[in-house]
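Okay, so here's the structure we're looking at.
The values are calculated or read from the model by the stated rules, or taken from the named source; none is laboratory data. The model shown is predicted, which means the values in this text are computed figures rather than measured ones. Every residue, glycine among them, receives a Cβ derived from its backbone with ideal geometry; neighbour counts consider all protein chains shown. When the accessible area is computed, the model is the full protein with side chains, heavy atoms only, and any ligands, DNA or RNA have been set aside. Shrake-Rupley method; radii C 1.70, N 1.55, O 1.52, S 1.80 Å.
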Amino acid sequence: MTGAREALAWWQGAVVYQIYPRSYCLADPSGRRARLALGAGSPPDRVRDGAGDLEGIRRHLDHVAELGADAIWLSPIYPSPMADFGYDVADYCGIDPLFGDLDTFDALLADAHDRSIRVLLDWVPNHTSDRHPWFEDARRSRTSAHRDWYVWRDPDPLDPARPPNNWKRAFGEGPAWTFDELTGQWYLHLFLPEQPDLNWATPEVVEAMEGVLDFWLARGVDGFRIDVVHGLGKPPELDDVPDAQADIPYSALNDHDSTHPILRRLRAHVDRWPQQPLLVGEVFLIDAGKVAKYYGNGDELHLAFNFAPMFSPFSGVSFRRRLEEIEATLGPVDAWPTWVLSNHDRPRHRTRFGGSERRARAAAVLSIGMRGTVFLYAGEELGLEDTEIPDELAVDPGGRDGCRAPIPWDASAEHGWALGGSEAWLPFAPNATTLNVANEARDDSSVLALYQRLIEFRRRSSALFDGDLQLLEAGPEEVLAFRRGRREKAFAEAGEGEVVVLVNFSDVEQPVDEALSGPWVVEVGSGGEGSLTTEHELFAGRLGPEEAVILRRPDRGAR
Ligand code: NOJ
């Protein structure tokens, strides 16, 4: 367990940068051609084919390094019919030609490691594509070798058109079941009919999936983000959910004890690898108490996403509650928190918070100041908003196109994408002629420059990196204030400075000095319009509207 603890320690203060490969950068158009030539593997007709690729990610690793991120997480890059843009996997041990091939992947991994950037893959164990050979075999006959790898139920003889239970699928209005005409049974899918659920009660599924993990670990990946991990163990009786929950997609409800032994086994499996891979799980249950169980006794997930903040308004009261909840729930069980404000499934937080740059800046300070591993969604460091997608270009079955708009690398017409005059798969993020990497990299007052300063300070400050968190009473309710540092004396004596994070969620100036004793220096400030503070100068006890700062003691720089 000691090795595992040390491994986790590396990730505790880490900033993980999520890349949605279709939307990052297209560098090598030959992948697109290769994919089109495959015919059956080509993107659904409705989708324009200018999607990003692995070479585009590889060429922009310096951006990740300059941002200061410690790791990247790649959303799925495996061969896929793209019904759910890669979360419908047709081969767990390959690369979709759209993105490149295994050689391109190995080059990307090596170049990332050269920059000390770790790489997490997105592993999708709850379901496959309906075009995965396992499912193609399973649906061939009731006696197929892979039949039990999926979840099948007989129709009710009295009402054959009624699905086996009242579970609702995610995306669209339908049931979580599709009737398979050929073999006369229903199969389960918590998501699209093109994403049949695997049956993790079948030992061969577990073994095959362990083989998948080994395949990537042998190539040198540093861990996995696990999709819908709380979905793996299903209640064997597959009973109806209570009527009051029948409209909620079942993927947000499944929370069965049988998942935990599976997770313990997977954890023991990956712990044998010398790189001590990280397992971070998507436990989409929102309730912190339920999510905490998936850490086990330090023998299941290393980390689980804490999604409640993605549903919180821009409000001091709300974020204070989020913090109290996480500290109270995870603290006692020694589970390390995560913070995520945006990802590929939700509108970007700048958009959710109303669109102002000032709020995007304050949110940057908030997230980097948190106690926990921080996950940033590519584009957030540029202050990007969602794109409004016209109906005729909408492609996602879950309505999530807006936050997947391609990243603009420069102000040119193709924004640094090798489109050769064709169109990107979705329209670019808004204001791409100003909000793009090249522009922001030249501008000390950009959102990108703010993220760089914040992450650089987080690395230097052990208080911020993995120190404790203590909420402070800052007077006005809309000012969130917390202290980061060690409670034990030894830490202070070792010269590790404490820091204070202040976020004014209100749109008026606020006094905050009662919350603080003694002089403080502004180490990083969100700045922007109406700011009342200057970095590296004494804090005067007031914050401008929607302004946020990280303060340190004047006598010691952070160590
Ligand atoms: C969660 C992923 O984040 C989402 O994008 C996907 O559609 C579902 N799981 C199904 O795999």
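According to the Kirkwood expression over distinct Cα-Cα pairs, how big is the hydrodynamic radius of the chain, in Å?
24.5
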Cα axis of helix 2-12 to longest principal axis of the chain: angle in degrees, 0 to 90, nearest 10?
70
Residue 299 versus residue 6: modelled label distance in nm, points set 7 Å from Cα along the beta carbon direction
2.2
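May I ask you to derive the relative contact order of the chain, considering only C-alpha pairs under 8 Å and at least 6 residues apart, and to give it as an integer percent? Let's see the in-between values first.
Working: 1199 pairs, mean separation 71.3, N = 559.
Worked out over the chain, it gives 13 percent.
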Using θ = phi - 60° and the Karplus form 6.51 cos²θ - 1.76 cosθ + 1.60, what ³J(HN,Hα) does each residue of the range 70-81 get, whole Hz, x for Gly and Pro?
8, 7, 10, 10, 9, 4, x, 10, 7, x, 7, x
Please determine, in degrees from 0 to 90 and to the nearest 10, the orientation of helix 316-330 with respect to the longest principal axis defined by the Cα atoms of the chain, where the helix direction is its Cα long axis.
70
Phi angles of the range 164-170, converted by Karplus (6.51 cos²θ - 1.76 cosθ + 1.60, θ = phi - 60°) into ³J(HN,Hα) in whole Hz with x for Gly and Pro, give x, 8, 9, 5, 9, 7, 7
Please give the length that would be gained between residue 182 and residue 140 if that part of the chain were fully extended, namely 0.36 nm times their separation in residues minus their C-alpha to C-alpha distance (nm, one decimal).
14.4 nm
Once both labels are modelled 7 Å past Cα along the beta-carbon direction, what's the residue 431-residue 237 spacing in nm?
5.5
Helix-only [θ] at 222 nm, the chain, -39500 (n - 2.57) per DSSP H run of 4+, per residue, nearest 500, equals -7500 deg cm²/dmol
Pairs of alpha-carbon atoms within less than 8 angstrom and 6+ residues apart define the contacts here; what relative contact order does the range 56-115 have, in percent?
30
What does the extension gain come out to for residue 66 and residue 460, with contour length at 0.36 nm per residue minus their alpha carbon separation?
140.3 nm
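Checking the a/c ratio against 1.5 first, then a/b against b/c, what shape does the Cα gyration tensor give for the range 363-440? List each step's numbers first, then the result.
Numbers: a/c = 2.57, a/b = 1.40, b/c = 1.84.
Verdict is oblate for the range 363-440.
At 1.4 Å probe size, with every protein chain present, just tell me what the per residue accessible area of the range 467-552 comes to in Å².
Working: 3640 Å² over 86 residues.
Spelled out: the 1.4 Å probe surface of the range 467-552, per residue, equals 42 Å².
Nothing charged except the Cβ atoms of Lys and Arg (+1) and of Asp and Glu (-1): what's the magnitude of the dipole of the range 467-552 about its Cα centre? Round to the nearest 20 debye. If you can, show how the numbers build up before the last one.
On the way: 7 positive and 18 negative charges, 83 e Å.
Magnitude of the dipole: close to 400 debye.
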Can you list, largest first and rounded to whole Å, the semi-axes you get for the range 467-552 by taking the square root of 5 times each eigenvalue of its Cα gyration tensor?
23, 14, 10
On full extension of the chain, what length is gained from residue 46 through residue 101, given 0.36 nm per residue of separation minus the C-alpha to C-alpha distance?
17.4 nm
Quick check: the distance between the Cα centres of the range 108-127 and the range 401-427, to the nearest angstrom?
24
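Percent of accessible area on the chain owned by carbon and sulfur, 1.4 Å probe?
Values: 10310 of 20690 Å².
Here it works out to 50 percent.
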For the range 349-417, the per residue accessible area (1.4 Å probe, Å²) is 28
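Determine the per residue accessible area of the range 138-239 with all protein chains present and a 1.4 angstrom probe, expressed in square angstrom. All intermediate terms of the calculation are to be shown ahead of the outcome.
Working: 4140 Å² over 102 residues.
On a per-residue basis, the range 138-239 sits at 41 Å².
Considering only DSSP beta bridges with both partners in the chain, what is the antiparallel share in %, to the nearest 5? Walk me through the intermediate numbers first.
Values: 32 of 59 bridges.
Roughly 55 percent of the DSSP beta bridges within the chain come out antiparallel.
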Within the range 210-236, name every residue whose backbone N is under 15 Å away from a label modeled 7 Å from Cα of residue 272 along the Cβ vector.
210-218
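Between beta-carbons, use under 15 Å as the cut-off and find the net charge around residue 18, counting Lys and Arg +1, Asp and Glu -1. Please report the intermediate quantities before stating the final value.
Values: positive: 22, 118, 225, 346, 348, 400, 404; negative: 70, 122, 222, 227, 282, 345, 380, 381.
My count for the surroundings of residue 18 gives -1.
Within the chain, what's the longest run with no GluC sites (Glu not before Pro) in a DSSP loop and at most 10 other beta-carbon atoms within 10 Å? Give the range, please.
Details: sites that count: 173, 181, 237, 473, 488.
By the stated rule (loop sites, at most 10 other Cβ atoms within 10 Å), 238-472.
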Residues with amide H under 5 Å from that of residue 472, placed H, sequence gap 5 or more
481, 482, 483
Nearest 10, in degrees from 0 to 90: the angle of helix 447-460 to the longest Cα principal axis of the chain is 80
